[in-house]
Structures are given as C-alpha cells and as structure tokens.
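The structure appears right after this line, and notes come after that.
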Amino acid sequence: FFFNNMVEHCLPLTFNHEAPEVSGIDGIMDVYSSAIKQVQLSGPTMFAPVIRLAADYARNACTQQSQQYFSLLIITDGIINDMSLTIDEIVAATELPLSIIIVGVGEADFSDMDRLDADDVPLIDTHGNVMKRDIVQFVPFSKFAGADATELAAETLEEIPRQLVSYMALKGITPNKPTQLNAFKMGVERSQLEIETGTGASASDAKFAVPINA
C-alpha cells in the first residue's frame, strides 16, 4: 500500500500497528472498505513481511497447556518480488503453529505460487535448510468461477487439519482432555445453532441444555 507518502508492505487496515485486530468477517470488510478509500495499491509485491508478522504471532502461542494454531490467508494476483525471502520465511515457519493459504485471483502466471505450495518439490531456503512440513496451500480462484462458495471453502481449508496434526506431532503435543467449561460451551453453541437453523437437538445434547424461562 502507498500511504502517508510511503510504501508499506504490511499495513494494518486499522492504520494502528498497536491495535491491528478486528472482530469477524464483518470487521474485516468494514476496515477494508474504509482503508481502500485512503490508500493506493502499490508495488512491488512482497510476501515475506506479512509471513514474518504471522510467524511472530504464532511463535510462542502453542504449548501443551495452551494449544493455538494460526492460519494466514494471502490473496494475490500472482506477482511476487521477494521469492527468495518468502521461501526463507516459509521454511522457518514450518516449525511454528501456522498454515498459509494463498488464493490466486485473475489469469496471471501462478507458477511461483505452485512452487510455494511445495506439493512436489520441498522448499529449501537460502541457507540450505529444508522445510520441516508442508504448510502452504495454493488455490486458483478461477478454478471455482461460477461454482458454489462451499467448494472454494472446502479446497482452501482442505489441508489445514493435516497440517495442524503434523505440527502437533512434530512438537510432541497431544490433545488435552476437554474441560467441563469447554464441553458446556460447545453444547450451548451447538444448541444455539440448531435453534437458528431449525434443526433438532439430539439426546446427547440434553446434558448441555440451558433452561429458558418463558
């Protein structure tokens, strides 16, 4: 982005580096709609800075006691001007609780994105380090033009469960036992969803039922 007479490759759309987070899809759309009126899209296109930032978020976030996993979504037209640095950042991130989803928009040459996906050839950084695990999924948006949105969602999220499990196995982290609070919360959320969608609750949900006073 070109903003305040300078190019920034990792600009929070809140324009506040201390408070870059928003809540939910609506929050993302609101800040994007506001920011796009105040910035200019500008090159060169650098992936490394945003991958590095996502890696910083994930670096100390997952332990046996506190299990968290992060996903980074990059939407691109296929151009990348820092391929070597990007590979360095991805290889380093393969040891972190992080997955990267790249969605290619348009009809450009996405061969660089296929390379980052590394399904056929593992990534090797400039220091000779080989990636520890696969964390990148590339999806060309054009493949799903006119298709149901659920098909695109299924393709973009397809590898996340395996990638999450591969990280936990790499670090020797095993699933924690569900806490009573988490089980209760899951039951409440499920009951609320069934009310909203008109589906019926099953007998197994009875212990999570929340009394409602008429």
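Bear in mind these aren't lab numbers, they're just calculated from the coordinates by the rules spelled out. Only a predicted model underlies this, so the values are computations on that prediction, with no experimental measurement involved. For neighbour counting, all protein chains shown are included, and Cβ atoms are generated from backbone atoms with ideal geometry for every residue, glycine included.
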At 0.36 nm per residue, and after removing the present C-alpha to C-alpha distance, how many nm does the segment from Thr45 to Thr63 gain when stretched out fully? 3.1 nm
Take the alpha-carbon centre of the range 59-85, take the same for the range 103-143, and report the distance between them in whole Å. 13 Å
In the range 130-180, with Lys and Arg counted as +1 and Asp and Glu as -1 at Cβ, which of these residues, Val139, Ile173, Thr156, has the Cα nearest the positive end of the dipole, that is, farthest along it? Ile173
